[in-house]
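Everything below concerns the one structure shown next.
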């Protein structure tokens, strides 16, 4: 009879950890129902994605309210997000079928070009590009860059705003 061996839980950096540490971490977070640390980190990653969307929506709303940014700018973000979501879906289908894939740089560029909210939703719903650490790190840099550029361009100190 073959023994069913379970792989050890992993931390943020992919290092195997003992069940005791994983259980302690889950207990600290109040996640008593979790059996291993991978599940806890998936919940944390999902919460971070939702938080990013909520914070950007609040930032966008504040810019519309205080700096008279046209709400129609939301249409640009919605269109870019839909296009980015579609690119993630096509890439996921290509990955499953073993076909030619969309380059990571193109996916990152689409995210930087206002499509990152759609990419966040695609990563969560399609479970695509959500676990590769090197991509995730570069993706979140593009999210921060897009948000910073947005805030600068719509703020009163922008060179695009009339004085």
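The values are calculated or read from the model by the stated rules, or taken from the named source; none is laboratory data. As the structure is a computational prediction, the values presented were derived from the model and not from experiment. Glycine also receives a Cβ, built like all others from the backbone with ideal geometry; neighbour counts cover every protein chain displayed.
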Seminar exercise, completed: residue 45 fails exactly one of (1) more than 17 Å from the chain's Cα centre (by Cα); (2) assigned to a helix (DSSP H, G or I), namely (1)
For this session: For the range 153-161, indicate whether the set of residues that are out of contact with any strand residue (DSSP E or B) (no Cβ under 6 Å at 6 or more places or on another chain), over 28 Å from residue 96 (Cβ atoms) and assigned to a helix (DSSP H, G or I) is non-empty.
Result: yes
Seminar exercise, completed: Residues of the range 107-129 being outside any helix (DSSP H, G or I) and either surrounded by fewer than 19 Cβ atoms within 10 Å (Cβ to Cβ) or modelled with pLDDT of 95 or more (or both), in sequence order, are 127
Exercise. Could you say whether any residue in the range 41-50 is modelled with pLDDT under 90, in contact with a strand residue (DSSP E or B) (Cβ under 9 Å, 6 or more places away or on another chain) and under 17 Å from residue 123 (Cα atoms)?
Worked result: yes
Problem set entry | the range 130-139, residues that are touching a residue at least 24 places away in the same chain (Cβ under 8 Å) and surrounded by 14 or more Cβ atoms within 10 Å (Cβ to Cβ) | 130, 135, 138, 139
